[in-house]
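S.K.: Before we start, here is the structure in question, set down as structure tokens.
Any read-out appearing in this document is the output of simple, stated calculations on the displayed coordinates, not a laboratory observation. On a predicted model such as this, the values are computed, not experimentally measured, just so you know. Please note: Cβ atoms are built from the backbone with ideal geometry, for glycine as well, and neighbour counts cover all protein chains shown.
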Amino acid sequence: MPSVTEQIIKAHLVSGRMTPGEEIALKIDQTLTQDATGTMAYLEFEAMGVPRVRTEVSVSYVDHNLLQTDFKNADDHRFLQSFAACYGIYFSPPGNGICHQVHLEAFGIPGKTLLGSDSHTPTGGGLGMLAIGAGGLDVALAMAGQPFYLIMPEVIGVHLTGKMPPWVSAKDVILELLRILTVKGGVGKILEYFGPGVQTLSVPDRATIANMGAELGATTSVFPSDVMTRRFLASQGRVAAHRSLRATSFRGFKGIIELDLSSLTPKIACPSSPDNVKDVSEVEGLPVQQVAIGSCSNSSFRDLMIVGKILAGRKIHPSVSLDINPGSRQVLENVALAGGLLPLIQAGARIHQAGCLGCIGMGQAPATGTVSLRTFPRNFPGRSGTKNDQVYLVSPETAAAAALHGKIVDPRRLGDYPVFRQPRQFVVKNRQLQAPLDPGQDCEIIRGPNIQPFPKFPPVPDTWEGRVLLKVEDNITTDHIMPAGSQILPLRSNIPAISEFVYHAVDPEFVSRAKNNGEGAIVGGDNYGQGSSREHAALAPRYLGVRVKIAKSFARIHKANLINFGILPLVFEDPRDYDQIGLGDRLLLPNLRERLLAGNEQLPLLVNGQECWVRVELSPRHRQIIAAGGLLNLAAGDRS
Ligand code: MIC
Ligand code: SF4
């Protein structure tokens, strides 16, 4: 038997060969959406005319857009709820929890494939799933029973030995990997964890590690399914969902990373990138004004209980705001039952509803010029909602130490590491998951005025001409391209409105320049579009006339979204050409359409009349989609 990854892929392979670099198609068993990507995904699904989802399980979560400052988010929640009931989808209402946490608790099954319209869907890898983040349109297609296409990644083994010492936890493991591999080290790869160290990690530990594989740019991360997995499923009242999955041959691994868990120390990702990792001891003493504990990477029962234990009988530092964002209602209930909530309240914590909250700038923005320590997965610039923010990413242990002292402190200074027992069986009966209506029952989809029709885009012209509308550097995130936060997220169902904010913080003139120039291009550096799965980072620029993006390299999900919405991603043949192109330059791609459909791997690009070469790293299917002006056009028969 090969690796766990290969076993799952083999069992779901619809077409293609498992050779890295080749396009494969996978059968998808389960899907998830969240509210910020879900409305578009369901509008796209509706346009496909399929009466009911064709997956084993599909779930629609509301966890991102929880602030209801006007009708918009509330309208979207109602739309999602009514849509789920009609189309055979489970619905998880606001306050029930973060999609990835609730999915682990209630739906995840080892060996199954999960496609989610959120980049942290790989959290399910902690449970032995092949869980992949994708744009909403790809998830909509999976719900319609279509396979998911991707380029077969290389599988890299991560060999874990040893056991984490006291005061070191799963966040430190993944921060160490981020230090070694950087935010682009995982692009085009699946990380599969194996070795004796794996058995020392619980499923929530594994989920934290798999979750932030997204920050490495990895397609996903996979853990085996073993006795720990069985224990976790039993604790969730779902032991029947367990099956064992383990690798028996590692020959398919394209490389192996060695990590001795016992050698790890508490780590911290400094502003403003998850790979800017140092030892906590190196930044000790820095005053901290906000500590936030939660998000899909660290808000499980264990994470909240350990903080409760550390804070028990103590008070937080008066200059600190300690925000607790539980991962799910079930976590909050079980922490309360186990006596972990009272110490948090008494210590001075602010207890919030379960959801993403400050992680996506839905409240909890830090004060100007202050330091915020968060157990979240991302600290991209400005994502917190505050300009020039200073967000550090840490484990719950390091976060609790800072909350007590008002400054960054190595948690190993806190004395004995608290111990607590996790219940064998959590109380699970109060999960608020709404099952869909039976087929044939009457139902109505409730659409508020926030939901606007999907824009239509023209196919690729024979020869393309345009101007450089923007030039940006390496590691541009989707938060730069299409910011989130409490002002902009409510516009996710309205492309004309949200497009006014494209590249808002990077270049406030971008939108008017794009509108005044007809079609155009954006030029980027390495790892362009890292971060989230939001297809709005492709859709909204496309709406503004961006047809071409030229970069040194692209992040996986963003590239797939560009293709889906008819934006041509081109790669510099010679990266030095990046330096030769500037804002406002005139670009020409002669005979683009013909060359694209003929499968040309290089294209001549004229920059102000001077020729250079760009690479087209696209499958024949991708080329058809782009030529048609996007996947929806292609599906509707606007073939060229
Ligand atoms: C994020 O963490 O950036 C988000 C918000 O969860 C996104 C999805 C979105 O933008 O709606 C993600 O990770 O895909
Ligand atoms: Fe929500 Fe943050 Fe996780 Fe994204 S990274 S799903 S915003 S908790």
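S.K.: What is the magnitude of the charge dipole of the chain about its Cα centre, with +1 placed on the Cβ of each Lys and Arg, -1 on the Cβ of each Asp and Glu, and no other charges, expressed in debye to the nearest 20?
M.R.: Roughly 1220 debye, rounded to the nearest 20.
S.K.: Treat the count of other C-beta atoms within 10 Å as a stand-in for reagent exposure and order Asp462, Asp35, Asp260, Asp585 from fewest to most.
M.R.: Asp462, Asp260, Asp585, Asp35
S.K.: What ranking, highest mean first, results for peptides 567-573, 143-149 when packing means the other Cβ atoms within 10 Å averaged over each residue?
M.R.: 567-573, 143-149
S.K.: Can you tell me the relative contact order of region 186-290? Whole percent, Cα pairs under 8 Å, sequence separation 6 or more.
M.R.: Averaging sequence separation for qualifying contacts and normalising by length gives 21 percent for region 186-290.
S.K.: Straight-line reach from Lys429: which lysines have a Cα under 28 Å away, not including same-chain ones fewer than 8 places off?
M.R.: Lys112, Lys309
S.K.: Taking 0.36 nm per residue of separation and subtracting the Cα-Cα distance, what length does fully extending Asn430 through Leu597 add?
M.R.: 54.7 nm
S.K.: Ok, one more. All other residues with a Cβ under 13 Å from the Cβ of Val283 taken together, and with Lys, Arg as +1 and Asp, Glu as -1, what is their net charge?
M.R.: -1
S.K.: Counting other beta carbons within 10 Å of each Cβ, put Ser3, Ser532, Ser262 in order, fewest first.
M.R.: Lowest count first: Ser262, Ser3, Ser532.
S.K.: Does a label point 7 Å from the Cα of Met18, set along Cα-to-beta-carbon, have any residues of region 155-174 with amide nitrogen under 15 Å, and which are they?
M.R.: Residues 155-157 fall inside that zone.
S.K.: Just to confirm my numbers, what's the Cα centroid distance between region 51-70 and region 594-621 in Å?
M.R.: The distance from the Cα centre of region 51-70 to that of region 594-621 comes to 39 Å.
S.K.: For each of Ser58, Ser221, Ser619, count neighbouring Cβ atoms within 10 Å of the residue's Cβ, then give the residues from fewest to most.
M.R.: Least crowded to most crowded, the residues run Ser619, Ser58, Ser221.
S.K.: Continuing with this model, one more query. Classify region 311-442 as rounded, prolate or oblate from the Cα gyration tensor: take a ≥ b ≥ c as the square roots of its eigenvalues, call it rounded if a/c is under 1.5, otherwise prolate when a/b beats b/c and oblate if not.
M.R.: Oblate shape, in that a/c is at least 1.5 and b/c is the bigger or equal ratio.
S.K.: Note down the Stokes-Einstein diffusion coefficient of the chain in µm²/s, whole number, using a Kirkwood radius over alpha carbon pairs, 20 °C, and 1.002 mPa s.
M.R.: 87 µm²/s
S.K.: Here is a follow-up. Report the net charge of residues surrounding Leu115, where surrounding means a beta-carbon distance below 15 angstrom and charges are Lys +1, Arg +1, Asp -1, Glu -1.
M.R.: Neighbour charge sum, excluding Leu115 itself: -2.
S.K.: Take every Cα pair under 8 Å in the chain that's 6+ residues apart, average their separations, divide by the length, and report that relative contact order as a whole percent.
M.R.: 14 percent
S.K.: Each residue of region 448-454 in order: what ³J(HN,Hα) in whole Hz does its phi give by Karplus 6.51 cos²θ - 1.76 cosθ + 1.60, θ = phi - 60°, with x for Gly and Pro?
M.R.: With coefficients 6.51, -1.76 and 1.60, one gets x, x, 6, 9, 9, x, 6 Hz.
S.K.: Between region 79-138 and region 206-234, how far is it from one alpha carbon centroid to the other, in angstrom?
M.R.: Going from one Cα centre to the other spans 15 Å.
S.K.: Contour minus end-to-end for Arg586 and Phe71, with contour as 0.36 nm per residue of separation and end-to-end as the Cα-Cα distance?
M.R.: Answer, rounded to one decimal: 181.1 nm.
S.K.: Please work out the C-alpha center-to-center distance from region 283-341 to region 29-45 and express it in whole Å.
M.R.: The distance from the Cα centre of region 283-341 to that of region 29-45 comes to 30 Å.
S.K.: So, one more: Measuring from label point to label point, each 7 Å out along Cα→Cβ, what is the Phe420 to Lys163 span in nm?
M.R.: Once both label points are built, they end up 2.1 nm from each other.
S.K.: Sequence-distant or interchain residues sharing an amide H contact under 5 Å with Phe554, placed H: which?
M.R.: Amide H to amide H, under 5 Å and 5 or more residues apart or across chains, Phe554 pairs with Asn527, Tyr528.
S.K.: If packing is taken as the mean number of other Cβ atoms within 10 Å per residue, what is the order of 309-317, 606-614, highest first?
M.R.: Most protected by this proxy first, the peptides run 309-317, 606-614.
S.K.: For an R0 of 41 angstrom, estimate the FRET efficiency from the Cβ-Cβ distance between Arg350 and Lys515 and round to the nearest 0.05.
M.R.: 0.45
S.K.: For region 97-183, just say rounded, prolate or oblate: build the C-alpha gyration tensor, square-root its eigenvalues into a ≥ b ≥ c, call rounded for a/c under 1.5, and beyond that prolate if a/b exceeds b/c, oblate if not.
M.R.: Prolate, since a/c reaches 1.5 and a/b exceeds b/c.
S.K.: Would you please give the FRET efficiency between Leu606 and Ala636, computed as 1/(1 + (r/R0)^6) with r the Cβ-Cβ distance and R0 = 35 Å, to the nearest 0.05?
M.R.: Result of the calculation: an efficiency of 0.60.
S.K.: Given axes a ≥ b ≥ c from the Cα gyration tensor, I'd like to know whether region 485-595 is rounded (a/c under 1.5), prolate (a/b larger than b/c) or oblate.
M.R.: Verdict is prolate for region 485-595.
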